[in-house]
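Derivation of every value follows stated rules applied to the coordinates shown; laboratory data play no part. Note that this is a predicted model, so its numbers are computed, not measured. No Cβ is skipped: glycine too gets one built from the backbone with ideal geometry, and neighbour counts run over all protein chains shown.
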Amino acid sequence: MGYSTTFYRNNKKSRKKKQAYDAKLNASAAMIKKRSESNKKVAEYEKRNGHKPSSKGLQYDHAVDRFVKASVNQGRRGEGNR
């Protein structure tokens, strides 16, 4: 289990604060647009290949505009606000 997971499980006040922040962030127009774009790309990929990209461990990367391994997409620390 990661550090932040353990922290938020043990600190109810901080967890509530983070949930409120996350809810506000996810309701923003930019995040809604990003999710919508990602969902469209997944649907197109599934139509072309017959399976979802997640079944092959892929995620849509908005920075490079293609599907990449999840470990690569989430592992770029400090690059382009990731």
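Within the stretch 1-35, the set of residues being closer than 20 Å to His62 by Cβ and surrounded by 10 or more Cβ atoms within 10 Å (Cβ to Cβ) comprises Asp22, Leu25, Asn26, Ser28, Met31, Ile32, Lys33, Lys34, Arg35.
Among the listed residues Ala20, Ala43, Ala63, identify the single one that is out of contact with any strand residue (DSSP E or B) (no Cβ under 9 Å at 6 or more places or on another chain) and outside any helix (DSSP H, G or I).
Working: Ala20 fails: outside any helix (DSSP H, G or I); Ala43 fails: outside any helix (DSSP H, G or I).
On inspection, the qualifying residue turns out to be Ala63.
In the stretch 42-56, the residues that are basic (Lys, Arg) reach residues that are surrounded by 14 or more Cβ atoms within 10 Å (Cβ to Cβ) with C-beta atoms within less than 8 angstrom, at least six apart or across chains, in these pairs: Lys52/Val42; Lys52/Tyr45; Lys52/Glu46.
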